[in-house]
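S.K.: The following block contains the structure, expressed as C-alpha cells.
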Amino acid sequence: MNKKKITIIIVIILAILLVGFIVWKNLNKNNIQDDGKLKIVTSFYPIYIIAQNITEGANNIELGNMADVNVGCLHDYTLTTEDMKKVEKADVFVVNGLGMENFIDKVINSNNTMQVIDSSNGIENIIKDDNETNPHIWTNINNYITQVKNISERLQQIDSKNANIYKENAENYINQLEKLEEEYIQKLEGLKGKKVVNLNEAFEYLGQELQMEMTTIETNHEESTMSAEMMSSIIEKMKNENIQMILVDKNDNKTMAETIANETGAKIYELDSGLKGSIEKDAYINMVKYNMEILQN
C-alpha cells in the first residue's frame, strides 16, 4: 500500500472518530456523566432545601450545593475555585433567579452543556426599588410553592426515569406548604395594614404576603450600617406615624435596630430569612413556624 492510500485511510479514520465523539457528546449533553449519576447542583441554601425535598429517593442522582450553606445572601458573592469545580461537573444547575446569582454567565460559560433551572419563572409579584429587583422571593410562601413546582417540572423533563418520584415528592411537599400557609395567614391576620420598619430586604416578600405596610431600609447585613441622616429620618417617621415594629434577621447585626428602638420605643422582631440554617429537609417549614411564633407576639 502506497503512502497516499495510507494517508487517505488515516484521514477517514480520524473523521469517523471525530463524528463519533460529536454524536456521543450530544447524546450526553443533557443527562448523565461518566459515573452514571445525574449531578444536580443548587446555587445556595434556600434552593438546596427545595431540591432536597424534591429529589429524595430518586435513583442515580447526586445532589450538591455550590456555595457553603451558611454563606447567606449571594448578592456580590465571589465564586471560589471550589464553587467552580462543583458546577463544572454538574448536569443540572438550579438557581433562584431574578439576579440573585449575578455570576450566572460565568457559570454557564464554564459548562455550556449543563441544564439551568430558574426557579423564579412565572412569579409575578416581583418587588422592585429604583429598577433594582428584590430576588428574596421565597419568604412569601406562595412564591416558594411556585419555586417548588418549577424545579420539579423541569427535573421531570430532564430526568424522565425519576419523573414520578420528583412529581410525587413535590406534591407532598406542596401539600404541607399549603396547609402551613393557611395557618400562617389566619394566625397573623391581625398584622394586615400594620406599619413596620424593615432592616432586611428579604422580609419585603413576607410583608407583602401578610399585607403589612412596610418601610424597608437596605443595610449591610453583616454590620447593619446606616447613615446618620437616614437614621434620623427613620426615627422621625416612626415617631410621627407611631410605628412600633422593627424587623431584622436573627443573624444580622442589631446595633442600628437597637438604637432606633431606644429612640422610638418600638419592639425588635428577630425573624429568620431562610438564607442559612440546618440542611434538614423541613428547614423551610421550621423557618415559617419560627417566624409565625415571633410575629404572633
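S.K.: Of all residues in region 143-159, which are among the polar types (S, T, N, Q) and within 14 Å of the chain's Cα centre (by Cα)?
M.R.: Residues of region 143-159 that are among the polar types (S, T, N, Q), as a first pass: 143, 146-147, 150, 152, 156-157.
Once the filter is applied, which keeps residues that are among the polar types (S, T, N, Q) and within 14 Å of the chain's Cα centre (by Cα), region 143-159 yields N143, T146, Q147, N150.
S.K.: Check region 117-127 and report whether any residue there is charged (D, E, K, R), in contact with a strand residue (DSSP E or B) (Cβ under 8 Å, 6 or more places away or on another chain) and modelled with pLDDT of 95 or more.
M.R.: Yes, the conditions are met somewhere in region 117-127.
S.K.: I'd like the full set of residues that are in contact with a Phe, Trp or Tyr (Cβ under 8 Å, 6 or more places away or on another chain) and crowded, with 20+ Cβ neighbours inside 10 Å, limited to region 139-174.
M.R.: Of everything in region 139-174, those that are in contact with a Phe, Trp or Tyr (Cβ under 8 Å, 6 or more places away or on another chain) and crowded, with 20+ Cβ neighbours inside 10 Å turn out to be T139, N140, I141, N143, Y144, Q147, V148, S152, L155, D159.
S.K.: For the subset of region 166-213 comprising residues that are more than 19 Å from the chain's Cα centre (by Cα) and of a type in the set (V, I, T), which member is farthest from N242 (Cα to Cα)?
M.R.: I185
S.K.: Quick one: in region 255-279, which of the residues that are of a type in the set (S, T, Y) and surrounded by 14 or more Cβ atoms within 10 Å (Cβ to Cβ) is farthest from the chain's Cα centre (by Cα)?
M.R.: If we take residues in region 255-279 being of a type in the set (S, T, Y) and surrounded by 14 or more Cβ atoms within 10 Å (Cβ to Cβ), then T264 is farthest from the chain's Cα centre (by Cα).
S.K.: Specify which of the listed residues (N96, N53) is at pLDDT 95 or above, buried (at least 20 other Cβ atoms within 10 Å of the Cβ), touching a Pro at 6+ places or on another chain (Cβ under 8 Å) and not assigned by TED's automatic domain parsing to the domain that holds I279.
M.R.: Exactly one of N96, N53 is at pLDDT 95 or above, buried (at least 20 other Cβ atoms within 10 Å of the Cβ), touching a Pro at 6+ places or on another chain (Cβ under 8 Å) and not assigned by TED's automatic domain parsing to the domain that holds I279, namely N96.
S.K.: Another one. Out of I243, I279, I268, I235, which single residue is part of a helix (DSSP H, G or I) and either touching an Asp or Glu at 6+ places or on another chain (Cβ under 7 Å) or not charged (D, E, K, R) (or both)?
M.R.: I235 is the lone residue from the list that is part of a helix (DSSP H, G or I) and either touching an Asp or Glu at 6+ places or on another chain (Cβ under 7 Å) or not charged (D, E, K, R) (or both).
S.K.: So K179 fits all but one of (1) of a type in the set (K, R); (2) without any contact (Cβ under 8 Å) to a residue 12 or more places away in the chain; (3) not assigned by TED's automatic domain parsing to the domain that holds V92; what number is the exception?
M.R.: So K179 meets the others, but not (3).
S.K.: Filter region 240-286 for residues that are closer than 27 Å to V69 by Cα, in contact with a strand residue (DSSP E or B) (Cβ under 9 Å, 6 or more places away or on another chain) and among the aliphatic types (A, V, I, L, M) and give the result.
M.R.: The answer is I246, L247, V248, M256, A257, I268, L271, L275, I279.
S.K.: In region 101-138, what residues are free of Cβ contacts under 8 Å to residues at least 60 places away in the same chain, crowded, with 17+ Cβ neighbours inside 10 Å, touching a Gly at 6+ places or on another chain (Cβ under 8 Å) and assigned to a loop (DSSP other than H, G, I, E, B)?
M.R.: S120, P135, listed by residue number.
The values are calculated or read from the model by the stated rules, or taken from the named source; none is laboratory data. Not measured: the values here are computed from a predicted model. A quick note on method: Cβ atoms are made from the backbone with ideal geometry, for glycine too, and the neighbour counts reach across all protein chains shown.
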